[in-house]
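Colleague: Could you have a look at this structure, given as structure tokens, before my questions?
What follows draws every value from the coordinates through simple rules; no lab data is involved. All values reported here derive from a predicted model rather than from experimental measurement. Note: ideal-geometry Cβ built from the backbone for every residue, glycine included; neighbour counts use all protein chains shown.
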Amino acid sequence: MLVSDEDRVLRLLWHPLHFHDGEVSSAAFDRSDLLGKPDRDEVARYISVDQEARISKASVDWRIEYQTRQGLNADLLEKRKIPRFGGFLVSNLRRCTCAEDNRLFEITHEPIEANEEIGMPANPAHCGVKSLYLNRINEMSRATQNSLVERMRSELLKALDSVLEYTDVFPDRV
């Protein structure tokens, strides 16, 4: 199911991991997500975002806890100190283009069901920013893939219109 152009979506970002000189950096968008590389369940990856109007505090809190859990290497934990959110208007994401003005992304609703086994709550607000180049990625040279990834990152950074603190999104948190 497609997401409306008028919707706003938020991407969970980590400070300082996803920032450079106070600005969101290209590190906020993983190469494997942009290229749609399969995850361990053989499902094509994409950039995860949440619809701002439907965002679930329980789901975000679980994700924050999961991404800062014990067992991660100390360097990564040190880089995941402060959760923030990057905000996008869906229409701006859909306007991201590359050569010949071809669109780069589609935004689809990808709700996540609860997983009792690991304590993960449902996330009905979850969406995916998916590359429209997935069917051509394997035919591209590594250099062409690298160029495409850099263009995608550049376009995503241009489409980013806000950076929010956790308390901006969930003001009732003490």
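Colleague: Can you give me the angle between helix 142-159 and the longest principal axis of the chain, using Cα atoms only, in degrees from 0 to 90, rounded to the nearest 10?
Modeller: 60
Colleague: Residue separation times 0.36 nm, minus the C-alpha to C-alpha distance between A44 and I118: what's the value? Can you show the working numbers first?
Modeller: On the way: separation 74, 0.36 × 74 = 26.64 nm, distance 2.17 nm.
That pair, A44 and I118, stretches by 24.5 nm at full extension.
Colleague: Strictly greater than 12 Å: what percent of every Cα pair in the stretch 124-174 meets that?
Modeller: That fraction is 76 percent.
Colleague: Right, something else. Within straight cross-link reach of K158, meaning Cα distance under 24 Å, which lysines are found once same-chain residues fewer than 8 apart are removed?
Modeller: K37, K79, K130
Colleague: What FRET efficiency, computed as 1/(1 + (r/R0)^6) with R0 = 30 Å and r the Cβ-Cβ distance, is obtained for N73 and E150, rounded to the nearest 0.05? Present the calculation step by step, with values, prior to reporting the outcome.
Modeller: On the way: r = 27 Å, r/R0 = 0.89.
Efficiency, from the Cβ-Cβ distance: 0.65.
Colleague: Per residue of the chain, what 222 nm ellipticity follows from adding -39500 (n - 2.57) for every DSSP H run with n ≥ 4, rounded to the nearest 500?
Modeller: Theoretical 222 nm ellipticity from helices: -8000 deg cm²/dmol.
Colleague: Equivalent-ellipsoid semi-axes (√(5λ), Cα gyration tensor) for the chain, whole Å, largest first?
Modeller: The three semi-axes for the chain are 25, 18, 18 Å.
Colleague: Then there is this: Please list 111-120, 161-170 highest first by mean number of surrounding beta-carbon atoms within 10 Å per residue.
Modeller: Output ranking for 111-120, 161-170: 161-170, 111-120.
Colleague: What order do you get for 148-157, 13-22, 101-110 when each peptide is scored by the mean count of other beta carbon atoms within 10 Å, highest first? Don't skip to the answer; put the middle values down first.
Modeller: Numbers: 148-157: 18.4, 13-22: 14.8, 101-110: 16.3.
Per-residue mean Cβ counts within 10 Å order the peptides as 148-157, 101-110, 13-22.
Colleague: What distance in nm separates the simple spin-label points at K158 and A53, each placed 7 Å from Cα in the Cβ direction?
Modeller: With each label placed 7 Å out from Cα toward Cβ, I get 2.7 nm.
Colleague: Once the piece of chain linking K37 and E106 is laid out straight, how much longer is it, given 0.36 nm per residue of separation minus the C-alpha distance between them?
Modeller: Additional length available on full extension: 23.2 nm.
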